[in-house]
Amino acid sequence: MVSEDTIRDAPTGDSKQSSASYNGISKPTSDLPTNSDPTTNSDVAGPSRRNDRNKHANGKSNANGRRRGQDFKRNGPGREKDSRGYINKRERNEKEWQERKRRRLDENGNSTKPSEPSYMSIQFPEEEIAAEERKPKRKVAVMIGYDGTGYHGLQINHKEKTIEGDIFAALVAAKAISKANADDLRKSSFVRCARTDKGVHAAGNMISLKLIIEDPDVVKKINENLPPQIRVWGIQRTLNSFSCYQACDSRWYEYLMPSYCLLPPHPESFLGKKVLESVKEHGIEEEYVKRLGEVKDYWEEVRKNDIQPILDSLDPNVRETVMRRMSAVLNDTEDGKAADETAKPEMPDEKLPDVSIETKEEVSGSKSEGKPTEVSDSAQHDPAEELNVEAGATTTQTESAEDSEVKKPKEMHPVDRALKQLKAAYVTAKRRYRVTPERISQLQQALDRYKGTNNFHNYTIKKSHSEASSKRTIRSFIVNPQPIQINDTEWLSLKVHGQSFMMHQIRKMVGMAVLVTRCATPLSRINESYEPTQISIPKAPGLGLLLERPVFETYNKRAKDQNNLAELDFGNYEKEIQEFKDSQIYRHIFELEERENSFHTFFHQIDNYKLGYFLWVTAGGIDAAVTRIGAIPKELEAELGDDGEEDAES
């Protein structure tokens, strides 16, 4: 994960090296001494004189000098033993390897084809492989970029469509990988620099492997066999020992988010109420208002200018019901969590991005009401009698999709229509926000607290404060002071440069910095997060994350000074990369946010999460929040990242 990580992707490994693979990480198998002489093999040698003197001293040793029961543990069921009862690990490993090899071969000694198609193995007939001209392979670095939309992440696997799967197929089609090696990418010593998760993008990433590069048009031919959302920028010769994973010194990531993320929680939301209560309790109202600056009255102005006119236009009976249910607009909750909020602002069709017809119909309000609307979903927690008595019968929601196309769409209930209109008004008000330099400066001050080497155990999952790997070094974390305007939404670009990142680390760093800014929380709270106490930090949406480029400073110096090889520099393709980011990556990010309101949904859920895990943002500090001990509670899995998804930031 943004695989953003100890980058857990390790080299796939060379097929010439005996290795055992776990989750894509190749580990050399252990070779034990072959000498069976007990005087030279310490593993099988008899007891020493010291052991001989002491073996019966406390009655706990057996004749071999081991503690009683140890032989039984070492020589349990399924373990190979030699004539004296000791395990011969080398012989056992050799037998296991031979057995695996036999399972891969048919009766004629030919490699067996997988029973199902595999993205990791491209099969050719034996006669084609035999007739193919053998060409030399060279160790190279392949610089790539991709839009991860629609892919199951970068790392190749047998069944899912991945970025590497398409690249591997394109390399074979361009004859950069021979047919003889197409059945297993490990034959080409395939290594990835940084893994990215499902849907995550990369303007610059790298793979290293052995390729046939005699053809001067090899890059062009590879790209011709790739979809437009995957590009190969260039291929460069490297040292034979080069591994892009091991040689990478640091990585740059970019995170894009709408500027309205910096708006404070609505005062009627759960978090908004708790923040105000804590401010009054600790007597820091003046400091709190000063930190909020120009946004302190933002929601009051929205109420006057956007919400009140809608309420005034309603029939008195409908208005009364809507006002009683206004909390459903601001506080859709179920089991302590905010319900999925997908209300879209009303806008002219010409302002919509290029999206599906269904989405456009839903935004414009012309979609059939045969299915429950977003407002109906939020209202379903109220007793049905309330609607029947005070506002008439509700719309029937049991029609099938086929029936809804044939039958005339039923009229939306006035209460539901009004609530949907109010939700859209709030989303529109958010998108209308334009951030000020002072607000950006506050966010930058929060990001500056990450610089240096700190203990980020609270910014990932399954890491403790005591683990050395929890410490990571951040070289810089900078927000661009110039926002960019896309349609009706203003966007901010944050770029982080770090040596390595853990799972979800960047998204949690963004989540913490934004929450501290929008809730006027003291910046010292970020420093407190490096201490042993476990706190719950939500991970910001993965939609805005992309790998900018890896950096190879140490390797470049050695390659240039000692071997006269070209440096690995993505700057050589700056123009092509920028055009690709604009046309592919940025466009998809902006369109998905327009369609799905991912950032609005995320902060809406956090603001209305009633279990108290995020109350460390209040003036009460870390002590005010519900403290986690041990595993992440089930109700927090989605917010904190332990929800079974792959690494998004590696």
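Assuming a ≥ b ≥ c are the square roots of the Cα gyration tensor eigenvalues, decide whether the stretch 487-628 counts as rounded (a/c under 1.5), prolate (otherwise, with a/b larger than b/c) or oblate. Oblate shape, in that a/c is at least 1.5 and b/c is the bigger or equal ratio. Specify the inter-centroid distance of the stretch 530-566 and the stretch 218-281, based on alpha-carbon positions, in whole Å. Between the Cα centres of the stretch 530-566 and the stretch 218-281 lies a distance of 11 Å. Of the GluC sites (Glu not before Pro) found in the stretch 261-317, the ones in coil according to DSSP and having at most 16 other Cβ atoms within 10 Å of their Cβ are Glu268.
For a test of the definition: using alpha carbon positions, the gyration tensor, and the 1.5 limit on a/c, classify the stretch 185-229 as rounded, prolate or oblate. Oblate is the answer for the stretch 185-229, as a/c is 1.5 or above yet b/c matches or exceeds a/b. Highest average first, the peptides 565-573, 514-522, 492-500 ordered by how many other beta carbon atoms sit within 10 Å of their residues are 514-522, 492-500, 565-573.
Were the residues from Glu574 through Asn317 laid out at 0.36 nm apart, the gain over their Cα-Cα distance would be 86.4 nm. Applied to the stretch 136-148, the Karplus parametrisation 6.51 cos²θ - 1.76 cosθ + 1.60 on θ = phi - 60° returns per-residue 3J(HN,Hα) values of x, 9, 10, 6, 9, 10, 10, 8, 10, x, 7, 9, x Hz, with x for Gly and Pro. Rounded, prolate or oblate: which one fits the stretch 430-495, using the alpha carbon gyration tensor with axes a ≥ b ≥ c (rounded when a/c is under 1.5, else prolate when a/b beats b/c, else oblate)? Prolate, since a/c reaches 1.5 and a/b exceeds b/c.
Near Leu276: Cβ cut-off under 14 Å, other residues only, Lys/Arg at +1 and Asp/Glu at -1. The net charge is -3. When the charge dipole of the stretch 514-622 is built from unit charges on Cβ atoms (+1 for Lys and Arg, -1 for Asp and Glu) and taken about the Cα centre, the candidate among Phe590, Phe570, Thr601 whose Cα reaches farthest toward its positive end is Thr601. At full extension, Ala180 and His282 could sit 29.5 nm farther apart than now, given 0.36 nm per residue minus the alpha carbon distance. Note on Ser476 and Lys290: the extension gain reaches 64.2 nm, defined as 0.36 nm multiplied by sequence separation minus the Cα-Cα distance. A simple rule links phi to the HN-Hα coupling: the Karplus curve 6.51 cos²θ - 1.76 cosθ + 1.60 with θ = phi - 60°, which for the stretch 237-243 gives 5, 9, 5, 4, 8, 5, 10 Hz, with x for Gly and Pro.
Taken together, the values in this text are just the output of simple stated rules run on the coordinates, not laboratory data. What you see is a predicted model, and the numbers here were worked out from it, not measured in a lab. So basically every Cβ, Gly included, is an ideal-geometry build from the backbone, and we count neighbours across all protein chains shown.
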